[in-house]
Each structure stands twice: as structure tokens, then as C-alpha cells.
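The values are calculated or read from the model by the stated rules, or taken from the named source; none is laboratory data. A quick note: this is a predicted structure, and the numbers were derived from the prediction, not measured. A quick note on method: Cβ atoms are made from the backbone with ideal geometry, for glycine too, and the neighbour counts reach across all protein chains shown.
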Amino acid sequence: MVKSELVQRIAKHNPRLYQRDLENIVNAILDEIVAALARGDRAELRGFGAFSVRHRPARAGRNPRTGKHVTVHQKCLPFFKAGKEMRERLNRENAAPEMSAASRPAAGFSGS
């Protein structure tokens, strides 16, 4: 799903709100998350997940095509960890109704 699809789905569920207002809201939320990460803060949305920054130190790398050694500069990367409620909802919705092989009784077991 891309941002425009997200805005359209929210607009579909909230017909009393203008789509341009919803776009501004979604952009404001994403901008605040990015601003928090840029400051080095963590952005946590309870039930959804937490955004944080992971720092990668500088290191020596190698160009795979030429084999020449290159310096890879330090960098900051965004990291997302899903919240407990999101993980539970995903697992609940994707749970198979069948019994797993480990929980099925062995074939030919009579119990006596």
C-alpha cells in the first residue's frame, strides 16, 4: 500500500472528512516521525510499533566487481519494530484452522 492508497482508504471509512485534510493529517504524522528520528528520538505508536534509528559505524568494504577495497562511511538507518498488538492481530488473522502435525494424534493410536 502506498500513501495515496492509505489516504483513500481512510477517506472511504470517514466520508465526512475531506481527502485533502486527510492527506495533510497523514503527511503531518509521517513528518513528525521523521523529525523525531532525525533528532535521535524514538517514535512509538502504541499497538502499532516503534520507529528508532540504528547507527552503522564506518567500515572497510570491497567492491564486488573489481575487488578493490573501499571505505564505507558511517550511516544512520531507520528501524521499525512491530508492537505486540500488531503481531497478535497478524497471527490471529493468518492462523490456519487445521491442526498442526505436532498436535494431531499419532496414526493407529487407540488410547488403551
Criterion first (farther than 30 Å from E88 by Cα and either among the hydrophobic types (A, V, I, L, M, F, W, C) or out of contact with any strand residue (DSSP E or B) (no Cβ under 8 Å at 6 or more places or on another chain) (or both)) does L17 satisfy it?
yes
Counted residues in segment 41-80 being in a loop (DSSP other than H, G, I, E, B) and either acidic (D, E) or under 24 Å from D31 (Cβ atoms) (or both) come to 5
Only one of A58, A36, A43, A28 is modelled with pLDDT of 95 or more, of a type in the set (A, V, I, L, M, F, W, C) and touching an Asp or Glu at 6+ places or on another chain (Cβ under 8 Å), namely A43
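With the requirement that a residue be more than 17 Å from the chain's Cα centre (by Cα) and either assigned by TED's automatic domain parsing to the domain that holds E5 or of a type in the set (A, V, I, L, M) (or both), what does segment 42-66 give you?
The answer is A58, A60.
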Restricted to segment 2-37 and to residues being touching a helix residue (DSSP H, G or I) at 6+ places or on another chain (Cβ under 8 Å) and under 25 Å from K84 (Cβ atoms), the residue surrounded by the fewest Cβ atoms within 10 Å (Cβ to Cβ) is L30
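How about segment 1-55: which of its residues are more than 30 Å from Q74 (Cβ to Cβ) and of a type in the set (S, T, N, Q)?
Answer for segment 1-55, where residues must be more than 30 Å from Q74 (Cβ to Cβ) and of a type in the set (S, T, N, Q): S4, Q8, N14, Q19, N24.
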Reported set for segment 7-21 where residues are of a type outside the set (D, E, K, R) and part of a helix (DSSP H, G or I) is V7, Q8, I10, A11, H13, Q19
Inset, instruction - Would you mind stating whether G40 is closer than 21 Å to M86 by Cα and either exposed (fewer than 11 other Cβ atoms within 10 Å of the Cβ) or in contact with a helix residue (DSSP H, G or I) (Cβ under 6 Å, 6 or more places away or on another chain) (or both)? - result: no
